[in-house]
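Below: the structure, in structure tokens.
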Amino acid sequence: MSTTTLPRRRKLDVHAYHRMAEVGIFGADERVELIDGEIVEMVPIGSEHGGLTSRLARRFVLAVGDRAVVNTTSPLRVDDRSEPQPDLMLLRPRGDDYMRSHPRPADVLLLVEVANASLDYDRTVKAPLYARAGVAELWIVDLRSRAVEVATAPGAAGFAAQERVSRGAVSPRALPDVSIDLATLFAA
Amino acid sequence: MTATTTLPTRRKLDVDAYHRMAEVGIFAPDERIELIDGEIYQMVPIGSEHGGVTSSLVQRFVLALRERAFVTGSMPLRLDALNEPEPDVLLLRPRADRYRDALPGPADVLLVVEVAKSSLDYDRTVKAPLYARAGVAELWIVDLVNRRIEVHREPGAHGYGRIDAYATGTLAPAALAEASVDVDDLFA
């Protein structure tokens, strides 16, 4: 009968998002991200997710030395409309350790998302976002099937090269000598 | 493989956060937005027919009601903590402060009018249940597509219990018999 125009959500840019945080709109312990102009609540972190992320961070810290900043806290300023908070990032060394400004996509050597229930979301929403922004390499650690999905060659249409690794070890392209053994990574 | 997926949920905003955002300048002064179910929506731009019909309704109500109701075409309605739509026309109970000290709530409302063209389905399926749940006594949806007025009465938790459509003749809000509107003349 009649065509319907649905009202559109009013998107927010990162400036508005940060202003909201400054004026106390979010609770102090709230875990939120800005994804394509919308504020989303992050899924609560389970013990497996938290533990594996810590373990991976420890291995990276021991292996990379001063060649990369291992960061599990900072959000990534992707563009004006997106500021996700990755589980872990290896960043190019910078004198201020990113105290003066949040990392940008060009600073990222490797970005890791640990996924349990969020696997589809990480694949279909987060991965294209990171690829469009030019993040060099993404690992999605799939807790359910104990595999790591390695994505490289970012572009406007997503990561052109994707590989699923479920045995052996994986290494970031930028730091090929850093080897993460999967069997011990997933061992509870 | 057939894992259940948890999608991150949008972070809802309550009316206090929404007003705080306006106070600190996150919205442009001329932005037309509404808070619906904790999410900020851009209102559909008003076409000439929509604007003309709305204005003539306001005019008729003002002339017919004088001081017996507060007639407004530009007032948000604070329905509850997560909802603050801006109806096209509001007939409100007279209040000593002339609604300067606080926004109207559902109990202040004698009639809400939404003028709908492309938003017809949205007004019926989203807005009407919202007004009904909040206890707004009467809603008119002025349907520009089919040139008729839908009168929604008997609000309840599941919507309005009674809906009548008028394509011709005169009608008046239940609370204000003197504010009668000639349907043929309105659409002429």
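Using a 1.4 angstrom probe on protein heavy atoms only, which residues from the stretch B:40-57 are buried by at least 10 Å² of accessible area when all chains are present rather than their own chain alone?
B:Ile40, B:Tyr41, B:Gln42, B:Val44
With a point put 7 Å past each Cα toward its Cβ, work out how far B:Leu63 is from B:Ala96 in nm, to one decimal.
Placing both labels 7 Å along Cα→Cβ, they lie 3.4 nm apart.
Using only atoms on other chains, find how many Cβ atoms lie within 10 Å of each Cβ of peptide A:142-149 and report the average.
Details: counts 1, 0, 2, 2, 0, 0, 0, 0.
Shielding by partners across A:142-149 averages 1.
Quote the relative contact order of the stretch B:1-77 in percent (integer), defining contacts as alpha-carbon pairs under 8 Å separated by 6+ residues. Don't skip to the end; give the middle numbers.
Numbers: 30 pairs, mean separation 15.4, N = 77.
Value for the stretch B:1-77: 20 percent.
Decide, for the stretch A:23-117, between rounded, prolate and oblate: order the square roots of the alpha carbon gyration tensor eigenvalues as a ≥ b ≥ c, take rounded if a/c falls under 1.5, and otherwise choose prolate if a/b is larger than b/c, else oblate.
Values: a/c = 1.92, a/b = 1.22, b/c = 1.57.
Since a/c reaches 1.5 but b/c is at least a/b, the shape of the stretch A:23-117 is classed as oblate.
Please identify which residues in the stretch B:129-147 have an amide N closer than 15 Å to a label point set 7 Å out from the Cα of B:Ala107, following the Cα→Cβ vector.
Label zone hits: B:134-137.
Can you pull the percent of the stretch B:59-188's accessible area that's carbon plus sulfur, 1.4 Å probe, other chains left in place? If you can, show how the numbers build up before the last one.
On the way: 2890 of 5860 Å².
Ligands and nucleic acids excluded, carbon and sulfur give 49 percent.
Need one value for B:6-15: mean number of C-beta atoms belonging to other chains within 10 Å of its residues' C-beta atoms.
Working: counts 8, 7, 15, 4, 7, 13, 2, 5, 1, 0.
Mean shielding by partner chains, rounded to a whole number: 6.
Could you tell me what percent of the DSSP beta bridges with both partners in the stretch A:41-188 are antiparallel, to the nearest 5? Walk me through the numbers before you get to the answer.
Working: 23 of 28 bridges.
Roughly 80 percent of the beta bridges in the stretch A:41-188 run antiparallel, per DSSP.
Quick check: the angle from helix A:47-64's long axis to the longest principal axis of chain A, C-alpha only, nearest 10 degrees?
Its long axis makes an angle of about 60 degrees.
So if I take the centroid of the Cα atoms in the stretch A:81-140 and the same for the stretch B:49-66, what is the distance between those two points in Å?
54 Å
Check the straight Cα-Cα distances from B:Lys117 and name the lysines below 23 Å, setting aside those fewer than 8 residues away within the same chain.
Of all the lysines, those that pass the test against B:Lys117 - Cα under 23 Å, at least 8 places apart if same chain - are B:Lys127.
Considering only the other residues whose Cβ falls under 11 Å of the Cβ of A:Glu48, what net charge follows from Lys and Arg at +1 and Asp and Glu at -1? Working shown, then result.
Numbers: positive: A:Arg55, A:Arg144, A:Arg146; negative: none.
Net charge in that neighbourhood comes out at +3.
Which of the lysines could a cross-linker bridge to A:Lys126, judged by Cα under 22 Å and excluding same-chain residues fewer than eight apart?
Cross-link targets: A:Lys11, B:Lys12.
When only Cα pairs under 8 Å and 6 or more residues apart are kept, what is the percent relative contact order across chain A? Before the final figure, lay out the partial values.
Values: 317 pairs, mean separation 27.6, N = 188.
Worked out over chain A, it gives 15 percent.
Counting heavy atoms of the protein chains only and a 1.4 Å probe, report the per residue accessible area for chain B as a whole number of Å². All intermediate terms of the calculation are to be shown ahead of the outcome.
Numbers: 9050 Å² over 188 residues.
Accessible surface, normalised per residue, equals 48 Å².
Rounded to the nearest 100 Å², what is the buried accessible area between B and A, both sides summed, probe 1.4 Å?
2800 Å²
Pop out the carbon and sulfur fraction of the accessible area of the stretch A:45-186 as a percent, whole number, probe 1.4 Å.
Working: 3230 of 6500 Å².
Carbon plus sulfur share of accessible area: 50 percent.
Counting only heavy atoms of the protein chains, get the accessible area per residue of the stretch A:45-186 (1.4 Å probe) and round it to a whole Å² value. Don't jump to the answer; show the numbers that get you there.
Working: 6500 Å² over 142 residues.
Counting only protein heavy atoms, the per-residue value for the stretch A:45-186 is 46 Å².
Counting only other chains, and only Cβ atoms inside 10 Å, what mean value do you get across the residues of A:7-16? Each step should come with its number before you reach the end.
Working: counts 15, 5, 7, 13, 2, 5, 1, 0, 1, 5.
That average works out to 5.
Out of A:His15, A:His49, A:His102, any idea which swings most in a Gaussian network model of chain A, alpha carbons joined below 10 Å?
Highest fluctuation among the options: A:His15.
Using the per-residue mean of other Cβ atoms lying within 10 Å as a proxy for protection, in what order, highest first, do the peptides A:152-160, A:36-44 fall? If you can, show how the numbers build up before the last one.
Working: A:152-160: 14.3, A:36-44: 16.0.
Averaged packing, sorted descending, gives the order A:36-44, A:152-160.
The values are calculated or read from the model by the stated rules, or taken from the named source; none is laboratory data. Owing to the predicted nature of the structure, the values given are computational and were not obtained by experimental measurement. Cβ coordinates were reconstructed from backbone atoms using ideal geometry, including for glycine residues, and neighbour counts include every protein chain displayed. Note: areas computed on protein heavy atoms with side chains; ligands, DNA, RNA excluded. Shrake-Rupley method; radii C 1.70, N 1.55, O 1.52, S 1.80 Å.
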